[in-house]
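K.L.:
Structure below; questions to follow.
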Amino acid sequence: MAVIYEKVALIGLGLIASSMAHAMRQRGLAVTITGHAKSAASRDAAMELGFCDAVFETAAQAVEGADLVVLAVPVGAMEAIAAEIGPHLKPGATVTDVGSVKQAVIAAVAPHMPDHVHFIPSHPLAGTEHSGPRSGFATLFENRWWLLTPLDGAEASAVTRLRNLFEAMGANVEEMDAPHHDLVLAVTSHTPHLIAYTMVGVADDLRRVTDSEVIKYSAAGFRDFTRIAASDPTMWRDVFLTNKDATLEILGRFTEELFALQRAIRKGDGDHLHAYFTRTRAIRRGIIQAGQDTAAPDFGRGGPAAKQVQNEGAA
Ligand code: NAP
């Protein structure tokens, strides 16, 4: 494939950034990739694994001369990075981020962007419960959505170029506005993660009562919760702190539905439960038909579809 950006700077060298680097390398989409992460250990790993050509102790050094800058740090770290790199960005450069929340990132980053750069926020709906520079792989974004939330007045050619990059990595790209993005993600990702964290917390409390039975007999449903609940604590803390309104809105609705189910169980209202589970089963079928998961009984774990399933951890 053809080069899309000559020089790409990755700020943050974790799961998403390292996967982007591997994908760009494998498909020849960039000539030079520079990087910066907080710790020397992560910077060294990026060099050792060969997904960066050079790493720098500061973000400002890493973005020098870059045609594309990717902010791939936890949402809460975006503002300080944006303030640091603002004066060092090359005129005409594109800056994007991969944060799981969009309105808060735009509020944090946009004020620090000079007029001569294109700031185009984005969010790949792809991830695993693993983090750090060693967790990335080139196929992470294949057949996954990558959402763009361009600001009013964004230059169409700059948006198209970024879209071309993400599509060349195998993603399906769509545009939407930031408030809509945050509401959709609160439903599809953020609230489910909170529920998984809660369920695993409850089971952990129970474990003290029943020794190791929770682990020993953990069935598929609970194991899926534990996998989601193993996601990076810093990243998820920031997601909930910054997508507060939408998450609280969806949690409120969730609680209402939960109370209704609780009532149906107490009253022995089997019709209510059956009708509810029939409706939710249809949603699952729709997801499989849309190619966003596998119908394999073991969810493809260990088999060729394992990577696909890992993407369920996406924020
Ligand atoms: P990750 O694997 O934990 O990596 C985060 C990276 O950011 C690390 O290299 C870390 O450096 C660096 N970092 C943190 N604070 C920094 C700071 N103040 N200055 C410089 N570097 C800093 O995280 P990730 O999963 O790639 O997530 C990155 C972003 O992508 C987040 O905004 C997240 O919301 C978003 N996202 C994640 C997923 C997912 O499922 N994981 C999916 C879509 C979007 P050290 O290694 O030195 O600590």
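The values are calculated or read from the model by the stated rules, or taken from the named source; none is laboratory data. Bear in mind that the values here come from a model prediction, so they are computed numbers and not experimental data. Here Cβ is always computed from backbone atoms with ideal geometry, including for glycine, and neighbour counts include all displayed protein chains. These area figures cover heavy atoms from the full protein model, side chains too; ligands, DNA and RNA do not enter into them. Shrake-Rupley method; radii C 1.70, N 1.55, O 1.52, S 1.80 Å.
K.L.:
How large is the charge dipole for the range 119-217, taken about the Cα centre, if only the Cβ atoms of Lys, Arg (+1) and Asp, Glu (-1) carry charge, to the nearest 20 debye?
P.N.:
Working: 7 positive and 13 negative charges, 71 e Å.
Dipole of the range 119-217, to the nearest 20 debye: 340 debye.
K.L.:
Considering only DSSP beta bridges where both residues belong to the range 5-177, give the percentage that are antiparallel (nearest 5). If you can, show how the numbers build up before the last one.
P.N.:
Values: 3 of 25 bridges.
Percentage antiparallel, nearest 5: 10.
K.L.:
When ranked by the protection proxy of mean other Cβ atoms within 10 Å per residue, highest first, what sequence do the peptides 127-133, 240-246 form? Write out the running numbers ahead of the final one.
P.N.:
Details: 127-133: 20.3, 240-246: 18.6.
Put in order of decreasing packing, that is 127-133, 240-246.
K.L.:
Fully extended, how many nm does the chain gain between I195 and K244 (0.36 nm per residue separation, minus their Cα-Cα distance)? It would help to have the intermediate numbers written out before the result.
P.N.:
On the way: separation 49, 0.36 × 49 = 17.64 nm, distance 1.51 nm.
Contour length minus Cα-Cα distance gives 16.1 nm.
K.L.:
From the phi of every residue in the range 244-258, what ³J(HN,Hα) in whole Hz does the Karplus formula 6.51 cos²θ - 1.76 cosθ + 1.60 yield, where θ is phi - 60° and glycine or proline is x?
P.N.:
For the range 244-258, the Karplus-derived couplings read 5, 4, 5, 5, 5, 4, 5, 4, x, 5, 4, 4, 4, 5, 4 Hz, x marking Gly and Pro.
K.L.:
What is the magnitude of the charge dipole of the range 5-177 about its Cα centre, with +1 placed on the Cβ of each Lys and Arg, -1 on the Cβ of each Asp and Glu, and no other charges, expressed in debye to the nearest 20?
P.N.:
340
K.L.:
What's the FRET efficiency of A107 with L206 using the Cβ-Cβ distance as r and R₀ = 45 Å, to the nearest 0.05?
P.N.:
Values: r = 41 Å, r/R0 = 0.90.
That pair, A107 with L206, gives E of 0.65.
K.L.:
What is the set of long-range amide H partners of E175 at a cut-off below 5 Å, with H atoms built 1.01 Å from backbone N?
P.N.:
HN-HN under 5 Å from E175: L148.
K.L.:
Let me ask another. Collect residues whose amide H, placed 1.01 Å from N in the peptide plane, falls under 5 Å from the amide H of V55; neighbours closer than 5 in sequence don't count.
P.N.:
Counting only residues 5 or more places away or on other chains, the set is G35.
K.L.:
OK, next. Which far-off residues, 5 or more places away or on another chain, put their amide H under 5 Å from the one on V69, with H placed in the peptide plane?
P.N.:
A9, T94, V95, T96
K.L.:
Could you give the semi-axes, largest first, of the ellipsoid that matches the range 5-177, computed as the square roots of 5 times the alpha carbon gyration tensor eigenvalues and rounded to whole Å? Intermediate values should be presented prior to the final figure.
P.N.:
Numbers: eigenvalues 88, 70, 46 Å².
For the range 5-177, the semi-axes come out at 21, 19, 15 Å.
K.L.:
While we're here: Round to a whole number: what % of the accessible area of the range 149-244 belongs to carbon and sulfur, probe 1.4 Å? Can you show the working numbers first?
P.N.:
On the way: 3080 of 5230 Å².
Ligands and nucleic acids excluded, carbon and sulfur reach 59 percent.
K.L.:
Considering only S39, S122, S18, give the residue with the highest GNM mean-square fluctuation for the chain, with springs between Cα atoms whenever their separation is below 10 Å.
P.N.:
Most flexible of the set in this elastic network: S39.
K.L.:
Measure off 7 Å from each Cα along the Cα-to-Cβ vector at S39 and H180, then give the distance between these two points in nanometres to one decimal.
P.N.:
Computed distance between label sites S39 and H180 equals 4.0 nm.
K.L.:
Among DSSP beta bridges lying fully in the chain, give the percent that are antiparallel, nearest 5. Please list the in-between numbers first.
P.N.:
On the way: 3 of 25 bridges.
Counting only bridges with both partners in the chain, antiparallel ones make up about 10 percent.
K.L.:
Specify the inter-centroid distance of the range 128-187 and the range 3-60, based on alpha-carbon positions, in whole Å.
P.N.:
So the two Cα centres are separated by 18 Å.
K.L.:
Can you pull the one-decimal nm distance between simple spin-label points at D224 and V3, each 7 Å off the Cα toward Cβ?
P.N.:
Each label point is offset 7 Å from its Cα along the Cβ direction, giving 4.5 nm.
K.L.:
Stretch A260-E129 to full length: gain in nm at 0.36 nm per residue minus the Cα-Cα span? Before the final figure, lay out each step's value.
P.N.:
Numbers: separation 131, 0.36 × 131 = 47.16 nm, distance 3.16 nm.
Once the chain is fully extended between A260 and E129, it gains 44.0 nm.
K.L.:
Roughly speaking, what is the stretch gain from L251 to L151, that is 0.36 nm per residue apart minus the C-alpha to C-alpha distance, in nm to one decimal? It would help to have the intermediate numbers written out before the result.
P.N.:
Working: separation 100, 0.36 × 100 = 36.00 nm, distance 2.82 nm.
33.2 nm is the gain from fully extending L251 to L151.
K.L.:
Mark the label point 7 Å from the Cα of A290 along Cα→Cβ and return the residues of the range 173-209 whose backbone N is within less than 17 Å of it.
P.N.:
Under cut-off, by backbone N: 173-177, 180-193.
K.L.:
Across the range 41-51, in residue order, what do the Karplus-derived ³J(HN,Hα) couplings come to in whole Hz, using 6.51 cos²θ - 1.76 cosθ + 1.60 with θ = phi - 60° and x for Gly and Pro?
P.N.:
The phi angles translate into 4, 5, 5, 5, 4, 4, 6, 4, 7, x, 8 Hz.
K.L.:
In sequence order, what are the phi-derived ³J(HN,Hα) couplings for the range 183-190 according to the Karplus relation 6.51 cos²θ - 1.76 cosθ + 1.60 with θ = phi - 60°, rounded to whole Hz, with x for glycine and proline?
P.N.:
6, 4, 6, 4, 6, 8, 9, 5
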